[in-house]
Structure formats: structure tokens, C-alpha cells
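First comes the structure, then the notes that go with it.
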Amino acid sequence: MVAMLDLKSLREHGEEVKLALRKKKFSCDIDAFLAVDALRRERISRAELARAELKKASDQLAKSSGAGEDIGNLRAALKEQSVHAKELADAVQTLEGEWQRLYLSIPNVPHESVPEGKTEGDNVTISFWGDVNAVSPHAMPHYDIPGFANGLDFARGVKVAGAGFPFYIGDMARLVRALVQFFLSEAEANGYVEFLPPILINGASATATGQLPDKEGMMYEMPADGFYAVPTAEIPVTNFFRDEVFSEADLPIRRCAHTPCFRREAGSWGKDVRGLNRLHQFDKVELVKWVHPSRSLDELELLRGNAEGLLQKLEIPYRVLAICAGDMGFPHSKQYDLEVWSGGQRRWLEVSSCSSFTDFQARRANIRFRPADGSGLQFVHTLNGSGLAIPRVLAAILENNLQEDGSIRVPSVLHRFFGKEVAKFSTTV
């Protein structure tokens, strides 16, 4: 059975849940769910009683030593009870689909510390790092840098796949690889064990992490095989422990993964999505945690610190936003976004979201832990954050470090991975 919000809380504190969920942008009908839930419980109770009576009648027939009319009456009664029990079981099954649909339509409740608001304009900037005026005096939008198309070929990407699937060429491909290696190296130093997960996932995995039902239109689907291309490594990595139980001593568990990510980004257009600003395929390193509920918020701050540390070492100015309830995602309870300063475009670009999902994903994925005190199994809390997404980090590096001769000064922490101190756009076809 797929689970999500605690049923006890929904049943006993429905009005409080409704009030909290009104802060988010997703619509759901708690009253309709509670009505179906009550009917389902009543039908389950009747079906269980009928099964018990059927078993009792079956046992009575088996023990009977009578003959003739008595046996006939017992058999007739048993047949009638069997039909009744099946009808009640079918009634429960008929209701199950509607119960599941309504249950899965309920988003996670925002944490009480989350700012109230309806749109991204209501997000709260809580900190800045770096000097936006200290970037290269030659900065320009990366897509306007002379020779840009020789390093990132969008036109041939359209020919081979479609818009939003560019070729990275020469030093640009090498720079992507260097960033991935740097991110994974830092994640390992921070205690994350590296995964190389599947990049295709099934519907059960997408449901467990909260992409379904919610983001069907954002994912690339292969209906013949029942697969989706991963929009983020969060999905396969989180599902690695689906239907498993930890001991309390195992927590926290930290994993990281690099994958290509595939997002349809339907309806995206205009200057704000030019070049590397928004792609249908991009590389990202994801950081994922399974933690004790009492440590959830502390672990979120540590996760955010891991992501911020990468930007500081890359010397990219950035700001941190506390995302308001109305701008948060379906499974999110609390979320921070990290945005880098794009010196050429003169605007902020999101490169990481660090989020707590409390026990929302763990309930859907049935991931629990056994407390050390011997009490009953509990659901873990899951967290994840981008550490980091490549394209906009690369855009900021290209723009903020552009030299007068058109070359790019490579941040010093990348030298050992990149092999050079300067990157250049390819001059060959």
C-alpha cells in the first residue's frame, strides 16, 4: 500500500491540515478524501466480519457429524455467506482506486518556519556571498561570447535531437567533466557515498518521491516499457532503500550521484532561457540523505552548507533564498534555493535546491528505521539537494571569468581536474 501523510493526523486534525495546505499552490480535496476513507474503513470492517463468519461456518461444517437435511442446511448457509463475503470484498476493492487517487493527491505540509507567499516574488533572501561587482569587467551573456557556438553547438543538437540538447565541444566538454569530478570529490569528502544509478525509472519510483502524480508533463516517458527518463538523480537514489528498514545507528545515511537529467520544460521560451539557462538535457550531481526525524532541520542546514561550499570554492557570488510555501514543490516541507550571479546577464540563476521532505517520501517509499529503545518502527526523513546542476554554474563561470582575448579563466579548484588554467572555445569544425 502506498502511503504518504500520516493517516491518523489526517483523520484527527483534518482542519489543521487543510489550513496548512492552503499555503501551497496545489489543490486537493481533504474532505472528499476523508469521506472516502471513512466509507472504505466501514467496508473493510464489514468485509473482515464477513470473512470471520465464513470461517466459523466452514469450521462448523467440517466438525458436523450430522447427515441429510442438517448438512444440506449448513452447506447452503455456507454458500450464502461465501457470496456475501465476496460481495463485500469486491466493494472494498472497487473503492480502493478512488481512495488511492485522493490520498496521493495530497501534497506535503509546509514546515511552520517556511515563509508565507504565493509566488517566487515572495521568496525571502536570507544571505549573500561574494561581490557581484568583482566579476570580470569583460563579462557578457555567455551566448554572446564570440565563438560560443564552437564550444556549445545548439544548432547541431537540434539536428540530432531537438532544441535544448546541445553538443559540448573541446574545452567546454572538458569543463563539464571537471565540474562533475570536483562536485563528486567534495561530496565524498563530506561523507557522501557515490552511486552510479539507472537513468530510467518506473512509475512506482516516481510515485515514491512525489513526481507522480504531479509532474507527468515534465518528464520524458517511454510508455511501451513503462519507463521515465530521470529528471533528477533524487528519484533512483531515494528508491534504492524502498521497502527497507534501517537500525537507528545507521542514520544519517548520505549518498551522491551524477546523472544526466531530462526535463521537458514545456512552455519555456524567451531570452531568460537562452543558451545554458534552460536545457532539456543537463548534468547534475545530487546529494541525498536519510536521517532521524529529530535531526531533520539540522541536516538540512548541513546539506545547504555542502552546496554553498562548492560555490565558495568556485568563487562564484551567490545568494540563498528561503522558498515560500506557495512556490515550493509538491513533496517539499522546507526548501532553500541557491542562485549564482550571472555577471554578463546581470541576474541571478538558480543552481541548487536543498530540501527537506520530512517523512513524505519515506511513507510513500516505505523506508523506516528501528529505534534503539526498541519501540515500534518509524519512518525516516529524506532530504536532497543539487550539488550542483552544471549548466548555470558553467554559464556563471564563462561570464564572470571572461578575459579580454575571449578565453575563460578557470577557477583554481578545477585546475587539477581540468588540467589547464584557461579554457577556450574550439576553433575547429
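The values are calculated or read from the model by the stated rules, or taken from the named source; none is laboratory data. In this text, all values refer to a predicted model and were calculated from it rather than measured experimentally. Note that we place each Cβ from the backbone using ideal geometry, even for glycine, and neighbour counts take in every protein chain shown.
Residue check: is L383 under 21 Å from the mean Cα position of the chain (by Cα) and under 27 Å from E234 (Cα atoms)?
Details: under 21 Å from the mean Cα position of the chain (by Cα): yes; under 27 Å from E234 (Cα atoms): yes.
The answer is yes for L383.
Any idea which residue in region 84-100 is surrounded by the fewest Cβ atoms within 10 Å (Cβ to Cβ), counting only those that are touching a residue at least 60 places away in the same chain (Cβ under 8 Å) and in contact with a helix residue (DSSP H, G or I) (Cβ under 9 Å, 6 or more places away or on another chain)? Can you show your working first?
Our first condition is that a residue be touching a residue at least 60 places away in the same chain (Cβ under 8 Å); within region 84-100, this holds for 98-100.
When the remaining residues are screened for being in contact with a helix residue (DSSP H, G or I) (Cβ under 9 Å, 6 or more places away or on another chain), the result is 98-99.
Details: E98: 14, W99: 17.
Only one residue fits best here, namely E98.
Kindly indicate the residue of region 204-233 that is assigned to a helix (DSSP H, G or I) and surrounded by 14 or more Cβ atoms within 10 Å (Cβ to Cβ) and also nearest to the chain's Cα centre (by Cα) among those meeting that condition. Break it down into steps so the answer makes sense when it comes.
So in region 204-233, the residues assigned to a helix (DSSP H, G or I) come out as 204-209, 216-218.
Add one more test, that the residue is surrounded by 14 or more Cβ atoms within 10 Å (Cβ to Cβ), and what stays is 204-209, 218.
Working: A204: 13, S205: 10, A206: 9, T207: 10, A208: 9, T209: 6, M218: 13 Å.
In this case the residue turns out to be T209.
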Note to self: I need every pair where a residue in region 233-251 that is touching a residue at least 40 places away in the same chain (Cβ under 8 Å) and at positive phi has its Cβ under 6 Å from the Cβ of a residue that is in a loop (DSSP other than H, G, I, E, B) and surrounded by 22 or more Cβ atoms within 10 Å (Cβ to Cβ), sequence separation at least 6 or different chains.
What the structure shows: none
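Every residue in region 347-383 that is part of a helix (DSSP H, G or I) and either in contact with an Asp or Glu (Cβ under 6 Å, 6 or more places away or on another chain) or farther than 19 Å from E112 by Cβ (or both), please. Can you show your working first?
Of the residues in region 347-383, the ones part of a helix (DSSP H, G or I) are 360-365.
Answer for region 347-383, where residues must be part of a helix (DSSP H, G or I) and either in contact with an Asp or Glu (Cβ under 6 Å, 6 or more places away or on another chain) or farther than 19 Å from E112 by Cβ (or both): Q361, A362, R363, R364, A365.
A quick yes/no check of all residues on (1) in a strand (DSSP E or B); (2) in contact with a His (Cβ under 7 Å, 6 or more places away or on another chain); (3) surrounded by 19 or more Cβ atoms within 10 Å (Cβ to Cβ):
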position: L279; (1), (2), (3): no, no, yes
position: E286; (1), (2), (3): yes, no, yes
position: S294; (1), (2), (3): no, no, no
position: D298; (1), (2), (3): no, no, no
position: L303; (1), (2), (3): no, no, yes
position: A307; (1), (2), (3): no, no, yes
position: Q312; (1), (2), (3): no, no, no
position: R319; (1), (2), (3): yes, no, no
position: P331; (1), (2), (3): no, no, yes
Checklist line | Checking R363 against (1) under 21 Å from A249 (Cα atoms); (2) touching a helix residue (DSSP H, G or I) at 6+ places or on another chain (Cβ under 7 Å); (3) surrounded by 20 or more Cβ atoms within 10 Å (Cβ to Cβ); (4) charged (D, E, K, R), the condition it does not meet | finding: (2)
Note to self: Condition (residue is under 13 Å from the mean Cα position of the chain (by Cα) and either buried (at least 20 other Cβ atoms within 10 Å of the Cβ) or modelled with pLDDT under 95 (or both)) applied to region 245-261: is it met by at least one residue?
What the structure shows: yes
Check: Within region 135-154, can you find the residues that are closer than 14 Å to S342 by Cβ and not in a loop (DSSP other than H, G, I, E, B)?
Finding: H142, Y143, D144
Note to self: Conditions first: (1) surrounded by 12 or more Cβ atoms within 10 Å (Cβ to Cβ); (2) within 30 Å of R347 (Cβ to Cβ). N133 passes all but one, so which condition is the exception?
What the structure shows: (1)
Next item on the list: Can you work out which of the residues in region 180-191 that are part of a helix (DSSP H, G or I) and under 22 Å from the mean Cα position of the chain (by Cα) is surrounded by the most Cβ atoms within 10 Å (Cβ to Cβ)?
Entry: F183
